[in-house]
Structures are given as structure tokens and as C-alpha cells.
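Data first, discussion second: the structure below is written as C-alpha cells.
The values are calculated or read from the model by the stated rules, or taken from the named source; none is laboratory data. Since we're looking at a predicted model, the values are computed, not measured. FYI the Cβ positions are ideal-geometry reconstructions off the backbone, even for glycines, and counts take in every protein chain you see.
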Amino acid sequence: MTRTVHCQLLDKEGPGLNFQPYPGELGERIYHQISAEGWQSWLAHQTMLINEHRLSPMNPPDRKFLEGEMEKFLFGEGSERPDGYVAPEA
């Protein structure tokens, strides 16, 4: 049976995540308040940020930046796209 949550990001009910995707208190909030669909939206946005800003998740300052953007994207006012970003054509 799939666990459901009311996703804060999408403002709708949906299947929850199967595990806590991030450590600590923020990871617990994500697990309890973000749906699997909402998490996938963040992963796509995170990939764009990593590529456009040439970030390395192994670099502590880059990880700190991504964590801040993740919290804004999922629970705050949203994470902005980098200046000059053009989405690839589908």
C-alpha cells in the first residue's frame, strides 16, 4: 500500500516518498510533506542548477547552496533559474 501525503509544493494529495531523501530535520520535513512527484520536480531543478552553475555536490559550499535552494524550492518562495537560462527544446 502506497503512503500518501499532502504535498506542500504541489498543494495536492499524492504518493509519498519511500524513504527520507535527505538527512536531518530537512529530510524529515521532505519525507512527511513532499510527494514523490514534488521530489522529482526538485531533482530536475537541482540538475539544472548543478549544470548551469557548474556545481559539484562534493564541494561543501556547493552543497550548502543546493540545500538552501532545495528548501526555497520545496517550502519557500521558490528557487529561481539562473540569469540567461534557456530551457532545452523537447
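Things to note:
- Within the range 13-28, residues that are surrounded by 14 or more Cβ atoms within 10 Å (Cβ to Cβ) sit with their Cβ atoms under 6 Å from residues that are of a type in the set (Phe, Trp, Tyr) and assigned to a helix (DSSP H, G or I), at 6+ positions apart or across chains, in these pairs: Leu17/Tyr31; Leu17/Trp39; Gln20/Tyr31.
- Residue in the range 36-47 that is out of contact with any Leu (no Cβ under 9 Å at 6 or more places or on another chain) and surrounded by 16 or more Cβ atoms within 10 Å (Cβ to Cβ) present: yes
- In the range 34-90, residue modelled with the highest pLDDT [restricted to those that are hydrophobic (A, V, I, L, M, F, W, C) and not in a helix (DSSP H, G or I)]: Ile34
- Subset tally (residues that are surrounded by 14 or more Cβ atoms within 10 Å (Cβ to Cβ) and closer than 17 Å to Gly38 by Cα) for the range 53-70: 3
- Qualifying residue in the range 3-10 (condition: touching a residue at least 12 places away in the same chain (Cβ under 8 Å) and loosely packed, with under 13 Cβ neighbours inside 10 Å): yes
- Check on Glu25, within 10 Å of the chain's Cα centre (by Cα) and in a helix (DSSP H, G or I): no
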